[in-house]
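Input: a single structure, listed below in structure tokens.
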Amino acid sequence: MATAEDIEKIAEQEAALVFDRFDEATAFAVGSLIRERALADKLPIVVDIQTWDRPLFYAALPGSTGSNANWARRKRNVVKMFLKSTYRMVLEKARPDRTFPPGEGFDPADYVLAGGGFPIHVKGAGAIGVIAVSGLPERQDHEVIVAALGQYFGLDVRSLALGPVET
């Protein structure tokens, strides 16, 4: 799938995966869906769900490392700043070094262009937090979140999925 089509699909995902409300129980339910899949598929990931003011769910799966937690933190910062998916930002910015242009003033120690951060949108409130996954290739980190959210909302996960990668 071409980059423009992926960006459009991710914007569609962000618009479709909106909560009526989001609280501790919701974070636990969504986080648990991601964790269960990770355990079943032996995915070495970290799952980090936070609202802007506090953490609500965290899981480090077998094979994940301390650096995954740091990548998740940097992804959270990008979502908080731009209120959109980090994978969408990767595609929009198209920077192979994974950093923001120097003139934008984003310290690479705190911000990274890497997929796996997804905004938590609530109807009537906008973006209130982030779901971050780290440990897989960035497109797959992103897809793990979208699949879990689709499952949580009872949507057809296939209709939300990104198309095949062009080679």
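Classify the stretch 62-150: rounded, prolate or oblate, from the alpha-carbon gyration tensor (a ≥ b ≥ c, eigenvalue square roots; a/c under 1.5 rounded; otherwise prolate if a/b is larger than b/c)? Oblate, because a/c is 1.5 or more while a/b does not exceed b/c. Given a Förster distance of 30 Å, report the FRET efficiency between residue 21 and residue 70 from their Cβ-Cβ distance, rounded to the nearest 0.05. With a Förster radius of 30 Å, E is 0.50. Quick one: of the DSSP bridges fully inside the stretch 3-160, what percent are antiparallel, nearest 5? So the antiparallel bridges in the stretch 3-160 amount to around 90 percent. Note on the stretch 1-100: with charges restricted to the Cβ of Lys and Arg (+1) and Asp and Glu (-1), its dipole about the Cα centre is near 460 debye. Summarising the label geometry, the points placed 7 Å from Cα in the beta-carbon direction at residue 3 and residue 52 lie 3.0 nm from one another.
Of the chymotrypsin sites (Phe, Trp or Tyr not before Pro) in the stretch 1-78, the ones in a loop by DSSP (not H, G, I, E or B) with at most 12 other beta carbons within 10 Å are 52.
Between residue 42 and residue 95, residue separation times 0.36 nm minus the direct Cα-Cα distance comes to 16.1 nm.
What does the charge count near residue 92 come to, summing +1 for each Lys or Arg and -1 for each Asp or Glu among other residues with Cβ under 14 Å from its Cβ?
Value of the local net charge: 0.
Annotation note: trypsin sites (Lys or Arg not before Pro) in the stretch 87-167 located in DSSP loop regions with a Cβ neighbour count of at most 13 within 10 Å are 123. Check residue 57: other-chain or 5+ apart residues with amide H under 5 Å from its amide H, H built from backbone geometry? Residues meeting the criterion, in which the H sits 1.01 Å from N, are 49.
When you filter the trypsin sites (Lys or Arg not before Pro) in the stretch 21-83 for DSSP loop state and at most 14 other Cβ atoms inside 10 Å of their Cβ, you are left with 21, 42. Counting only lysines at least 8 places from residue 93 when in the same chain, those with an alpha carbon closer than 17 Å to its own are 9, 75, 80, 84. Other residues within the sphere of radius under 12 Å centred on the Cβ of residue 119, judged by their own Cβ, net out at +4 (K and R +1, D and E -1). Listed values for the stretch 94-108 are Karplus-derived 3J(HN,Hα) couplings in whole Hz (6.51 cos²θ - 1.76 cosθ + 1.60, θ = phi - 60°), namely 6, 10, x, 7, 6, 10, 6, x, x, x, 7, x, 9, 5, x, and x replaces Gly and Pro. Taking a Cβ cut-off of under 15 Å around residue 148, the surrounding Lys, Arg, Asp and Glu residues balance to a net charge of -4, with basic ones at +1 and acidic ones at -1. Taking θ as phi - 60° and the Karplus parameters 6.51, -1.76 and 1.60, the scalar couplings of the stretch 37-43 work out to 5, 4, 5, 5, 9, 6, 8 Hz in sequence order, x denoting glycine and proline.
Shape analysis of the chain based on the Cα gyration tensor places the equivalent ellipsoid semi-axes at 21, 18, 17 Å, largest first. Distance between the C-alpha centres of the stretch 1-56 and the stretch 92-135: 14 Å, rounded to the whole angstrom.
The numbers here are math on the coordinates, done by the rules we state, and not lab data. Remember, it's a predicted structure, so these values are computed and weren't measured experimentally. Glycine gets a Cβ as well: all are built from the backbone with ideal geometry, and neighbour counts include every protein chain shown.
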